[in-house]
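The values are calculated or read from the model by the stated rules, or taken from the named source; none is laboratory data. Keep in mind that this is a model prediction, so the values were computed, not measured. FYI the Cβ positions are ideal-geometry reconstructions off the backbone, even for glycines, and counts take in every protein chain you see. For the accessible areas, the whole protein counts, side chains as well, though only heavy atoms, and no ligand, DNA or RNA atoms are used. Shrake-Rupley method; radii C 1.70, N 1.55, O 1.52, S 1.80 Å.
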Amino acid sequence: MEENKRPSWSSYISFIIAAIGSAVGLGNIWRFPYVTGKYGGAVFLLTYLLIIVFICAIPLCLELALGKYFKKDTVTCYENISPKLKWFGLLNLITAILIPAFYFVVGGWIINYIWLFLTNNIPSDFSVYFSTLNSNPYVPCILTFLFLFIVAIFPFRGVNKGIEKANNFMMPTLAIALILLAAVALSLPGAREGLEFMFKPDFSKFSKELILTALGQALFTLSIGMGAMVTYGSYLNKEVNIKKSAYTLIFFDTLVSIIAGVMIFPVVFTYGIEPTAGASLAFISLPQIFLNMPFSIPCAILFFLLLFFAAVTSGISLMETSVACFIDNFKMTRKKSVVVLSLIIGCLSIPSALSFGVLENFKIMGKTIFDSLDFLTSTILLPFNTLLICIICGWFASNIVKEAFGEGKFAGLLKFLLRFVLPVVFTYALIVGL
Ligand code: PHE
């Protein structure tokens with residue numbers, strides 16, 4: 001009876017679009033260009049490509065296979081492997097609740113910037129504007145709640161009527177906006193320099209830190225290590241090929257990241273800002289530059305709309321992961337789960353929304369609450385959860401490994417990497433991260 005009630009994707013394409021929607025997010029459009037900038041451009045890109053294809057593809061396949069095999073939420077999937085692993089499923093759930101607590105704050109800023117450019121209410125100095133915005137004790141929270149509310153609508157409406165519909169509309173729109181903006185960027189005088197920076201490797205920039213950052217970026221961008229792909233995999237039908245789906249997902253996710261770089265670096269080099277300008281790139285440097293560019297306002301609106309769609313579709317998968325856990329474990333209805341989860345995320349996000357203003361000086365080990373949450377999830381929990389899924393599946397769940405990789409030589413290589421190489425890589429990443 002309960003089996004019949006579980007939703008499933010209405011088509012394979014809908015699944016792929018939704019999974020790409022989860023993967024393509026702020027990680028690709030906001031974070032990827034600035035970490036690529038910080039770690040020397042092309043060398044970073046090259047390392048990242050190797051890592052995503054040979055390392056991160058493996059846990060991605062496992063997560064999708066785990067969901068597809070058991071057709072349950074993350075907590076129950078791990079519990080089904082062994083009742084002793086329930087705590088590990090819960091750790092995934094906690095990670096899925098903690099990420100929105102800072103991710104949605106950025107979503108709130110995006111809404112604010114779209115509004116600014118739509119109403120032509122443009123400040124003359126974005127650096128001053130951004131800090132004034134964040135020093136207000138209410139506005140950042142209200143913006144975060146607004147973003148949360150928008151995201152919550154889709155899991156509330158369900159997998160087919162909400163999640164699929166949102167992704168089917170937002171992802172193609174995102175692709176068009178991205179291509180248009182990249183075309184404008186390529187027409188700028190700094191285009192050549194920007195492209196060289198991105199594609200011509202300077203191997204002297206290679207470092208240990210670069211490898212770890214590339215690994216962290218790859219996990220975050222593929223939404224691995226917190227159950228999102230387990231959840232999306234659990235709505236799949238029997239005949240889907242997991243390995244093929246995972247590589248399709250990786251292909252499109254990486255393509256979006258590269259086009260985002262092609263869109264941003266020419267701008268950065270034309271207007272002479274530091275490619276390493278960090279997180280403030282999207283909210284301070286770029287908006288300032290937009291004002292001097294051809295088609296300034298439409299470009300700015302398009303850019304923030306692009307960020308908005310990317311953040312919403314990822315936010316949906318973050319929420320759906322927890323919603324599925326609430327439904328399956330606590331026997332709540334979908335609607336009630338979404339409401340309860342929204343209240344939890346809403347409360348948790350207040351301190352991080354205020355950590356650029358009112359709570360600026362409240363630091364945990366030298367980091368603001370926002371940065372601490374980012375660090376705790378991206379640098380510790382995602383690699384830790386990924387390490388465990390590799391060990392659990394690689395050594396104790398051969399049925400999942402078979403579901404994930406299928407048969408053949410390449411499957412053999414993946415299995416070898418899974419059992420012997422990945423545990424070492426992720427343990428090392430965790431130790432250095434800590
Ligand atoms: N992959 C998303 C991004 O790149 C973020 C995310 C992480 C979404 C984990 C879901 C789960 O922005």
Here the residues within the range 1-44 that are among the aliphatic types (A, V, I, L, M) and free of Cβ contacts under 8 Å to residues at least 12 places away in the same chain are M1, I13
Kindly indicate whether any position in the range 241-258 is over 21 Å from the mean Cα position of the chain (by Cα) and open to solvent by 20 Å² or more (accessible area, probe 1.4 Å). yes
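Among G162, G158, which is the only one that is more than 24 Å from F32 (Cβ to Cβ), surrounded by 14 or more Cβ atoms within 10 Å (Cβ to Cβ) and either within 16 Å of the ligand (Cβ to nearest atom) or under 20 Å from the mean Cα position of the chain (by Cα) (or both)?
Details: G158 fails: either within 16 Å of the ligand (Cβ to nearest atom) or under 20 Å from the mean Cα position of the chain (by Cα) (or both).
Unique residue meeting the criteria: G162.
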For the range 388-426, which residues satisfy the criterion of being of a type in the set (G, A, S), part of a helix (DSSP H, G or I) and out of contact with any helix residue (DSSP H, G or I) (no Cβ under 8 Å at 6 or more places or on another chain)? S398, G412
The number of residues in the range 292-306 that are in a helix (DSSP H, G or I) and among the polar types (S, T, N, Q) is 1
Unique match (being within 28 Å of G41 (Cα to Cα), among the hydrophobic types (A, V, I, L, M, F, W, C), assigned to a helix (DSSP H, G or I) and away from the ligand (no atom under 13 Å from the Cβ)) among F326, F283, F309: F283
Six or more apart or on different chains, Cβ under 6 Å: which pairs go from a residue in the range 175-196 that's among the acidic types (D, E) to one that's not in a loop (DSSP other than H, G, I, E, B)? Could you list them? E193/F269
Do we have V151 as surrounded by fewer than 21 Cβ atoms within 10 Å (Cβ to Cβ), touching a helix residue (DSSP H, G or I) at 6+ places or on another chain (Cβ under 9 Å) and among the β-branched types (V, I, T) here? no
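Could you check, for the range 245-262, whether at least one of its residues is assigned to a loop (DSSP other than H, G, I, E, B) and modelled with pLDDT under 95?
First, pick out the residues of the range 245-262 that are assigned to a loop (DSSP other than H, G, I, E, B): none.
Checking the range 245-262: not a single residue is assigned to a loop (DSSP other than H, G, I, E, B) and modelled with pLDDT under 95.
Count, please, the residues in the range 97-139 that happen to be of a type in the set (A, V, I, L, M, F, W, C), farther than 24 Å from L318 by Cα, surrounded by 14 or more Cβ atoms within 10 Å (Cβ to Cβ) and touching a residue at least 24 places away in the same chain (Cβ under 8 Å). I'd like the intermediate steps shown before the answer.
Going through the range 97-139, the residues of a type in the set (A, V, I, L, M, F, W, C) turn out to be 97-99, 101-102, 104-106, 109-111, 114-118, 122, 126, 128, 130, 133, 139.
Okay, now just the ones that are also farther than 24 Å from L318 by Cα, so 115-118, 122, 126, 128, 130, 133.
Next cut, surrounded by 14 or more Cβ atoms within 10 Å (Cβ to Cβ) only: 116-117, 122, 126, 130, 133.
With the extra rule that they be touching a residue at least 24 places away in the same chain (Cβ under 8 Å), the set shrinks to 117, 122, 126, 130, 133.
Of the residues in that region, 5 qualify.
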When the range 1-46 is checked residue by residue, the ones that are within 23 Å of F309 (Cα to Cα), away from the ligand (no atom under 16 Å from the Cβ) and of a type in the set (F, W, Y) are W9, Y12
Would you confirm whether or not the range 292-305 contains a residue that is farther than 30 Å from I369 by Cβ, in contact with a Leu (Cβ under 9 Å, 6 or more places away or on another chain) and open to solvent by less than 10 Å² (accessible area, probe 1.4 Å)? yes
Of the residues in the range 64-102, those that are away from the ligand (no atom under 16 Å from the Cβ), small (G, A, S) and over 22 Å from N237 (Cβ atoms) come to S82
Conditions (1) of a type outside the set (A, V, I, L, M); (2) within 15 Å of the ligand (Cβ to nearest atom); (3) surrounded by 24 or more Cβ atoms within 10 Å (Cβ to Cβ); number of the one not met by C61: (2)
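Taking Q288, is it away from the ligand (no atom under 15 Å from the Cβ) and in a helix (DSSP H, G or I)? Break it down into steps so the answer makes sense when it comes.
Working: away from the ligand (no atom under 15 Å from the Cβ): yes; in a helix (DSSP H, G or I): yes.
Yes, satisfied.
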Of all residues making up the range 329-350, the number that are touching a residue at least 60 places away in the same chain (Cβ under 8 Å), under 30 Å from F130 (Cα atoms) and either away from the ligand (no atom under 16 Å from the Cβ) or aliphatic (A, V, I, L, M) (or both): 7
